[in-house]
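The values are calculated or read from the model by the stated rules, or taken from the named source; none is laboratory data. Predicted model, so just to flag it, every value in this text is computed and none were measured. Heads up, the Cβs are rebuilt from the backbone with ideal geometry, glycines too, and the neighbour counts pull from every protein chain shown.
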Amino acid sequence: MDKLSQYQLQLKTLSVGNHHYEFDLDNQFFIDVDGPEINAGEVKAEIEVNKTSLNIELNITLKGRVETTCDRCLDALWVDIDVEESLYIKFGKSYSEESDDLIIIPEDEGVFNIAWTLYEFCALAIPICHSHPDGECNAEMMNILNQHSVREIDDEDGSDDDIKTTENHEVDPRWAALKDIFNN
């Protein structure tokens with residue numbers, strides 16, 4: 001039996017109208033999905049299905065928190081998520097993702113497993129740069145990182161300038177931006 005079979009929506013046999021589904025996406029869900037971004041989670045998923053004679057609209061709400069890895073210290077990091085998305089489903093001959101919000105499923109099957117879609121919406125809710133607030137990263141790992149970070153660049157005259165200069169001694173804006181990162 002498929003570990004994620006409880007997330008299958010029997011769309012073909014649904015009557016026309018509104019239907020409501022709820023799922024608790026716990027640690028076992030994220031283990032079973034085995035996605036790369038999320039290690040664990042506590043997320044409440046609510047799905048409103050509006051079936052018409054032509055198509056099916058899913059309104060998905062996800063609220064809770066997920067565990068990912070901190071970009072700086074590599075320790076576990078919990079991130080709050082609050083997602084509201086819509087997804088449209090139509091019946092066709094074969095499975096196809098026509099766009100970000102339109103999926104074609106085989107009419108002869110009429111079943112849509114929403115598990116991976118729920119996972120993707122959770123993963124997309126995680127900020128691109130995910131790290132602990134300043135001072136909360138693993139101190140040992142931050143010490144190691146700081147030991148291997150280059151902080152100063154000596155120019156030709158041996159001064160302790162920490163930004164690279166061009167031949168006419170104007171500051172290259174790319175180096176200035178890097179200096180700001182290190183100073184933070």
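Look at Asp82 and say whether it is at pLDDT 95 or above and either under 20 Å from the mean Cα position of the chain (by Cα) or assigned to a loop (DSSP other than H, G, I, E, B) (or both). When the stated conditions are applied, Asp82 passes them. If you go through the stretch 23-64 and keep only what is touching a Lys or Arg at 6+ places or on another chain (Cβ under 6 Å) and part of a helix (DSSP H, G or I), you end up with just Asp32.
Check the stretch 3-22 and report whether any residue there is without any contact (Cβ under 8 Å) to a residue 24 or more places away in the chain, in a strand (DSSP E or B), surrounded by fewer than 16 Cβ atoms within 10 Å (Cβ to Cβ) and charged (D, E, K, R). No: zero hits.
For Leu77, the conditions (1) over 30 Å from Asn143 (Cβ atoms); (2) in contact (Cβ under 8 Å) with a residue 12 or more places away in the chain all hold with the exception of (1).
Looking for whichever is modelled with pLDDT under 85 and farther than 30 Å from Gln28 by Cβ here; the options are Asp172, Asp108. Which one fits? Just a single option satisfies the conditions, and that option is Asp172. On inspection, Glu67 fails the criterion of being surrounded by fewer than 15 Cβ atoms within 10 Å (Cβ to Cβ), within 15 Å of the chain's Cα centre (by Cα) and in a strand (DSSP E or B). Given the criteria at pLDDT 95 or above and either out of contact with any helix residue (DSSP H, G or I) (no Cβ under 9 Å at 6 or more places or on another chain) or surrounded by 16 or more Cβ atoms within 10 Å (Cβ to Cβ) (or both), does Asn138 qualify? So Asn138 does not fit the description; no.
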